[in-house]
1. When both residues are 6+ apart or on different chains and their Cβ atoms are under 7 Å apart, which pairs have a first residue that lies in segment 282-304 and is within 15 Å of Asp257 (Cβ to Cβ) and touching a residue at least 60 places away in the same chain (Cβ under 8 Å), and a second that is among the acidic types (Asp, Glu) and crowded, with 17+ Cβ neighbours inside 10 Å?
2. Can you confirm whether segment 113-123 contains a residue that is within 19 Å of Val315 (Cβ to Cβ) and either in a loop (DSSP other than H, G, I, E, B) or away from the ligand (no atom under 15 Å from the Cβ) (or both)?
3. If the Cβ limit is 7 Å and pairs must be 6+ apart or interchain, which residue in segment 12-25 that is more than 18 Å from Leu327 (Cβ to Cβ) pairs with which residue that is buried (at least 20 other Cβ atoms within 10 Å of the Cβ) and modelled with pLDDT under 95?
4. Quick one: in segment 173-189, which of the residues that are under 23 Å from Gly204 (Cβ atoms) and surrounded by fewer than 16 Cβ atoms within 10 Å (Cβ to Cβ) is modelled with the highest pLDDT?
5. Please go through segment 23-52 and pick out each residue that is outside any helix (DSSP H, G or I) and either of a type in the set (Lys, Arg) or within 13 Å of the ligand (Cβ to nearest atom) (or both).
6. I want to confirm something. Restricting to segment 285-315 and keeping residues that are assigned to a strand (DSSP E or B) and within 16 Å of the ligand (Cβ to nearest atom), which single residue is surrounded by the most Cβ atoms within 10 Å (Cβ to Cβ)?
7. Those residues that are small (Gly, Ala, Ser) and either in contact (Cβ under 8 Å) with a residue 24 or more places away in the chain or buried (at least 17 other Cβ atoms within 10 Å of the Cβ) (or both), I need them from segment 343-380; list them, please.
8. Taking segment 159-206 only, how many residues are within 16 Å of the ligand (Cβ to nearest atom), part of a loop (DSSP other than H, G, I, E, B) and basic (Lys, Arg)?
Amino acid sequence: MLINVEDARRAARRRLPKIFFDYIDGGAFAEETLAANRADFGRWNLRQRVLVDTSRRTLATRFLGAERPLPFMLGPVGYLGLYAGHGEILAARAAAAAGIPLALSTFSIASLATLRARTAGELHFQLYVLNDPAVRDELIEAALAAGVTTLFLTVDTAVTSVRERDMRNGFRAVTHITPRLGASMLARPFWCLDMLRAGMPQCGAVAHRPEFGHGALEQAGHLARRIDTRLNWADVAWLRQRWPHRLVLKGILSVEDALAAREAGADAIVVSNHGGRQLDGAPSTIAMLPEIAEALAGTLDILVDSGFRRGADIVKALALGASGVMLGRAYVYGLAAAGEAGVARIIAHLAEEVDLTLALMGLTSVAELKALGPAALRPRG
Ligand SMILES: Cc1cc2nc3c(=O)[nH]c(=O)nc-3n(C[C@H](O)[C@H](O)[C@H](O)COP(=O)(O)O)c2cc1C
């Protein structure tokens with residue numbers, strides 16, 4: 001039974017080949033930032049108030065230009081279609097049913113056009129800028145053609161960090177099914193069947209380009225090698241000119257960069273350390289959020305991700321200045337465990353936890369929580 005995110009994580013571990021589970025679950029180097037993302041929520045307690053009529057409650061709130069039924073959305077995670085057959089479509093359907101967006105990763109099995117054709121709801125796309133201008137422009141054109149409303153430019157991946165679990169599993173830069181990968185896959189027959197039914201996975205964004213090779217692993221290797229390591233603020237300015245809709249910078253973790261993002265014309269930022277997968281030793285996002293929110297003073301939407309597993313985590317971030325929260329591994333565990341129903345279960349579960357947490361704090365809405373701000377919390381001694 002999936003009662004919480006940790007249940008889904010355990011179920012995902014049972015269902016996925018170890019090599020994929022570790023890829024999702026792991027962080028960079030010593031995994032200190034990965035651990036801090038969870039531990040630092042413990043720096044705050046919630047303010048409990050009683051004898052308030054909380055019989056009428058709502059979780060609706062505004063972020064990224066629209067009123068949303070829930071204060072969170074599904075963030076971009078690569079290769080959803082390798083954790084469950086047609087994973088991107090399943091996750092997007094669960095998100096659309098809950099009225100929240102999913103941001104499709106550049107590293108996806110389903111292309112934007114497929115997602116557009118097979119799901120309803122608002123389309124968001126996460127862009128890695130590639131050093132090949134033709135492919136880079138093609139990705140932007142595809143986003144425009146599919147009617148993407150919001151583009152997330154990920155800025156914390158100038159280089160890809162080392163995830164030691166992947167190294168141990170021999171998964172780093174694997175481009176084809178090695179004997180080890182094959183054995184890891186065959187140990188999970190239900191997953192194998194699911195994949196066989198879904199057909200040969202390809203990276204949808206570049207599957208039509210022969211120079212990227214064949215099959216998702218090889219194509220992903222080519223994509224990863226072409227991520228533009230020279231990306232800088234001038235490119236952000238260029239993209240701002242090029243992209244006529246909402247532009248969000250994902251991977252901001254300092255006041256200086258938050259202010260620079262505003263200066264560069266971003267509509268919003270995602271305070272993120274990539275779920276502890278990039279700079280190990282970087283602070284947790286919940287630790288950085290208050291000073292970033294104070295510096296921006298409501299001039300930009302602030303989303304936050306990294307480590308969100310509980311409704312109370314979401315409540316704390318909203319109190320500390322986030323407009324909304326992006327889920328990463330939380331929904332991916334649900335997807336790997338039980339497909340669309342698993343993602344729906346995680347969304348419903350977190351919504352219920354936020355709702356009950358607010359009610360027990362004597363609050364009836366996210367709007368009340370945001371208005372109260374840090375006063376809704378108490379720093380733990
Ligand atoms: C398996 C995996 C793949 C990811 N792929 C991408 C990606 O393609 N693009 C991106 O911007 N972020 C990617 N991320 C980072 C997430 O968008 C998000 O920042 C992170 O998962 C948040 O941390 P959490 O999983 O602890 O909630 C990935 C994360 C994971 C776990």
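The values are calculated or read from the model by the stated rules, or taken from the named source; none is laboratory data. Keep in mind the model is a prediction, meaning the values are calculated, not measured. Glycine gets a Cβ as well: all are built from the backbone with ideal geometry, and neighbour counts include every protein chain shown.
1. As it stands, the answer is Thr285/Asp305, since those pairs meet every condition given.
2. No, segment 113-123 contains no residue that is within 19 Å of Val315 (Cβ to Cβ) and either in a loop (DSSP other than H, G, I, E, B) or away from the ligand (no atom under 15 Å from the Cβ) (or both).
3. If the second residue must be buried (at least 20 other Cβ atoms within 10 Å of the Cβ) and modelled with pLDDT under 95, the pairs left are Pro17/Ser184; Lys18/Asn169; Lys18/Ser184; Ile19/Asn169; Ile19/Phe171; Ile19/Ser184; Asp22/Asn169.
4. If we take residues in segment 173-189 being under 23 Å from Gly204 (Cβ atoms) and surrounded by fewer than 16 Cβ atoms within 10 Å (Cβ to Cβ), then Ile177 is modelled with the highest pLDDT.
5. Gly26, Gly27, Ala28, Glu31, Arg47, Arg49
6. It comes out as Val304.
7. Result: Ala344, Ala348, Ala351, Ala359, Gly362, Ser365, Ala367, Gly373, Ala375, Ala376.
8. Adding up the residues that qualify gives 2.
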